[in-house]
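A.B. asks: Have a look at this one.
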Amino acid sequence: MPVLLVIAHGSRDPRHAATVHALVRRVRAMRPGLRVETGFLDFNIPSVQGVLESLAAQGVRDVVALPLLLTRAFHAKADIPAVLRDAPPQLRIQQAEVLGPSPLLLTALERRLYEAGLTPADKSSIGVVLASAGSTDPEASAVIAAIAREWRHTGWCAVRPAFASASLPRTEDAVRELRALGCERVAVAPYVLAPGFLPDRIARGATEADVLADVLGPAPEVARVLLERYDEARVPVLAAVGA
């Protein structure tokens, strides 16, 4: 069975690494017997390169590298492949897809909104801001807009995307737009995995909202998506081994 290497961005904010580790613990609990390691691209240890070198030294041969990212942007397309190309040559590595989009992530978003005080009965009167970190990659921004459109069809008064960086609108602008549309209340749902600089910016932009949900973090649905992406990616690895 290939080792699952979860690749997180890393942050100077200690809450980021703590949340990543909590998510990985949940993944391990859901799949006993699967070896799950964590590596960071920046700021935190162990580094991705360090974990790969350690695995190779231990005799591991097959690895599924899973980007802990919600959209396919620069890190998934450039940074992570570059790091994996520098891995020890004896490792067979398959890069898994990013986590989103996934219906499970919408379920996780709603879990966080309900934990913040909403109920399913509130949906028709609530406007929701789907607040993401933001990216200069147009593909990533288009995915966030598509998720907002899809989520709107599940019964919310309205759903608007917002971005903490790179793209517009900002969270506060989306909150005001939903108020102008006539939604009785407005909730902000951060579409981010862990606390940090940009999630804090989302929170500051949510001061005029009625409800601010927590980040996705170690929600069980997020852990299930990780395992789905691992299972999808491990098939080519096992086929190569069989060959």
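A.B. asks: Conditions first: (1) open to solvent by 70 Å² or more (accessible area, probe 1.4 Å); (2) within 23 Å of Arg12 (Cβ to Cβ); (3) in contact (Cβ under 8 Å) with a residue 60 or more places away in the chain. Leu193 passes all but one, so which condition is the exception?
C.D. replies: Among (1) open to solvent by 70 Å² or more (accessible area, probe 1.4 Å); (2) within 23 Å of Arg12 (Cβ to Cβ); (3) in contact (Cβ under 8 Å) with a residue 60 or more places away in the chain, the lone unmet condition for Leu193 is (1).
A.B. asks: If I ask for residues that are more than 28 Å from Phe74 (Cα to Cα) and open to solvent by less than 40 Å² (accessible area, probe 1.4 Å), which ones from segment 124-156 would you list?
C.D. replies: Hits for segment 124-156 are Ser125, Ile126, Gly127, Gly155, Trp156.
A.B. asks: While we're here: Provide a single number: the residues in segment 48-81 that are at pLDDT below 95 and of a type in the set (Lys, Arg).
C.D. replies: Total satisfying the criteria: 2.
A.B. asks: Here is a check on your reading of the model: is Thr136 at pLDDT below 95 and among the β-branched types (Val, Ile, Thr)?
C.D. replies: Yes, satisfied.
A.B. asks: Return yes when Ile45 is crowded, with 19+ Cβ neighbours inside 10 Å, of a type in the set (A, V, I, L, M, F, W, C) and at pLDDT 95 or above and no when it is not.
C.D. replies: No; evaluated as a whole, the condition is false for this residue.
A.B. asks: With the requirement that a residue be open to solvent by 60 Å² or more (accessible area, probe 1.4 Å) and not hydroxyl-bearing (Ser, Thr, Tyr), what does segment 198-233 give you?
C.D. replies: Arg201, Arg204, Glu208, Asp210, Leu212, Asp214, Arg224, Glu228, Glu232
A.B. asks: When you go through (1) at pLDDT 95 or above; (2) surrounded by fewer than 21 Cβ atoms within 10 Å (Cβ to Cβ); (3) touching a strand residue (DSSP E or B) at 6+ places or on another chain (Cβ under 8 Å) one by one for Ala121, which number turns out not to apply?
C.D. replies: (3)
A.B. asks: Pairs, please: C-beta under 9 Å, at least 6 apart or cross-chain, first residue within 20 Å of Ala133 (Cα to Cα) and in segment 150-162, second among the aromatic types (Phe, Trp, Tyr)?
C.D. replies: From segment 150-162, the pairs are Val159/Trp151; Pro161/Tyr191.
A.B. asks: Looking at Gly50, Gly33, Gly59, Gly39, can you tell me which residue is among the small types (Gly, Ala, Ser) and touching a helix residue (DSSP H, G or I) at 6+ places or on another chain (Cβ under 8 Å)?
C.D. replies: Gly39
A.B. asks: Also, quick follow-up: Considering each residue of segment 82-107, count those that are open to solvent by less than 30 Å² (accessible area, probe 1.4 Å) and more than 16 Å from Val159 (Cα to Cα), and give that number.
C.D. replies: So the count comes out to 10.
A.B. asks: How many residues are touching a helix residue (DSSP H, G or I) at 6+ places or on another chain (Cβ under 8 Å) and either closer than 21 Å to Val188 by Cβ or buried (at least 20 other Cβ atoms within 10 Å of the Cβ) (or both) when one looks only at segment 69-79?
C.D. replies: 4
The values are calculated or read from the model by the stated rules, or taken from the named source; none is laboratory data. Quantities reported herein were computed from a predicted structural model and do not represent experimental measurements. All Cβ positions, even for glycine, are placed from backbone atoms using ideal geometry, and neighbour counts span all protein chains on display. Quick note on the areas: whole protein, heavy atoms, side chains included, nothing else; ligands and nucleic acids left out. Shrake-Rupley method; radii C 1.70, N 1.55, O 1.52, S 1.80 Å.
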